[in-house]
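**Q** Below is a structure I'd like to ask you about.
The values are calculated or read from the model by the stated rules, or taken from the named source; none is laboratory data. Predicted model only: the values in this text are computed from it and were never measured. All Cβ positions, even for glycine, are placed from backbone atoms using ideal geometry, and neighbour counts span all protein chains on display.
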Amino acid sequence: MAQMVKDPRFENDVPDADSPGEYFAAYARELAKAAAKVSHENIQEAFDLLTQALKRNHRIYVAGNGGSCSIADHLCCDMMKGTHIHGKPALKVHSLTSAPALLTAL
């Protein structure tokens, strides 16, 4: 017999608020707390890796599973468009999950 697994959607912390404004304020506070925990060293390391990839004309591949597939595609878009500077070489970013027909062709 299969075991029951707790649905992860019910593990989310939802701000206790009486109005959309209170909800947003509580959400913003939690977001700020999470952002404060981000490692500055890890951000610098990621930046350095991306800079090296650009200088060496390397390609960057991203992928995701399930809903993370869409997040990977969005990251790919952001990295291509959001880092572009006119007259400078662009990052070469490819999503391995953006072509499901190719991905699933056997």
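**Q** Is there any pair linking a residue in the stretch 34-59 that is at negative phi to one that is in a helix (DSSP H, G or I) and among the aliphatic types (A, V, I, L, M), with Cβ under 9 Å and at least six apart or on different chains, and which?
**A** Hits for this filter: L50/M79; R59/A53.
**Q** Next question, about the same structure. So the check is Cβ under 7 Å with 6+ separation or different chains; which pairs have a first residue in the stretch 12-25 that's touching a residue at least 12 places away in the same chain (Cβ under 8 Å) and a second one that's surrounded by 10 or more Cβ atoms within 10 Å (Cβ to Cβ)?
**A** P15/Y23; P15/A26; P15/Y27
**Q** Could you check S19 against (1) over 30 Å from P100 (Cα atoms); (2) within 18 Å of the chain's Cα centre (by Cα) and say which number it fails?
**A** (2)
**Q** Related question: Considering only residues of the stretch 69-88 that are among the aliphatic types (A, V, I, L, M), in contact (Cβ under 8 Å) with a residue 12 or more places away in the chain and out of contact with any helix residue (DSSP H, G or I) (no Cβ under 9 Å at 6 or more places or on another chain), which is nearest to L54 (Cα to Cα)? Steps first, please.
**A** To start, the set of residues in the stretch 69-88 that are among the aliphatic types (A, V, I, L, M) comprises 71-72, 75, 79-80, 85.
Subsequent filtering for residues that are in contact (Cβ under 8 Å) with a residue 12 or more places away in the chain retains 72, 75, 79-80.
Checking the rest, the ones that are also out of contact with any helix residue (DSSP H, G or I) (no Cβ under 9 Å at 6 or more places or on another chain) come to 72, 75, 80.
Numbers: A72: 19, L75: 16, M80: 12 Å.
Ranking the candidates gives M80 first.
**Q** Identify, from the list A32, A46, the residue that is among the small types (G, A, S), under 30 Å from L103 (Cα atoms) and in a helix (DSSP H, G or I). If you could, list the steps in order and put the result at the bottom.
**A** Values: A32 fails: under 30 Å from L103 (Cα atoms).
Just a single option satisfies the conditions, and that option is A46.
**Q** Quick one: in the stretch 26-71, of everything that is touching a Leu at 6+ places or on another chain (Cβ under 8 Å) and β-branched (V, I, T), which residue is nearest to P15 (Cα to Cα)?
**A** Within the stretch 26-71, the subset touching a Leu at 6+ places or on another chain (Cβ under 8 Å) is 50, 53-54, 60-63.
If we keep only those that are β-branched (V, I, T) too, we end up with 60, 62.
Working: I60: 37, V62: 33 Å.
Only one residue fits best here, namely V62.
**Q** With the requirement that a residue be outside any helix (DSSP H, G or I), of a type in the set (S, T, N, Q) and surrounded by 13 or more Cβ atoms within 10 Å (Cβ to Cβ), what does the stretch 55-106 give you? Write out each step before concluding.
**A** Within the stretch 55-106, the subset outside any helix (DSSP H, G or I) is 56-66, 82-99, 105-106.
With the extra rule that they be of a type in the set (S, T, N, Q), the set shrinks to 57, 65, 83, 95, 97-98.
Answer for the stretch 55-106, where residues must be outside any helix (DSSP H, G or I), of a type in the set (S, T, N, Q) and surrounded by 13 or more Cβ atoms within 10 Å (Cβ to Cβ): T83, S95, T97, S98.
**Q** Out of the stretch 22-54, which residues are loosely packed, with under 10 Cβ neighbours inside 10 Å, over 30 Å from H94 (Cβ atoms) and at pLDDT below 95?
**A** K33
**Q** As an exercise: evaluate Q52 against (1) in contact with a His (Cβ under 9 Å, 6 or more places away or on another chain); (2) part of a loop (DSSP other than H, G, I, E, B) and give the number of the one condition it does not meet.
**A** Going through the list (1) in contact with a His (Cβ under 9 Å, 6 or more places away or on another chain); (2) part of a loop (DSSP other than H, G, I, E, B), Q52 breaks only (2).
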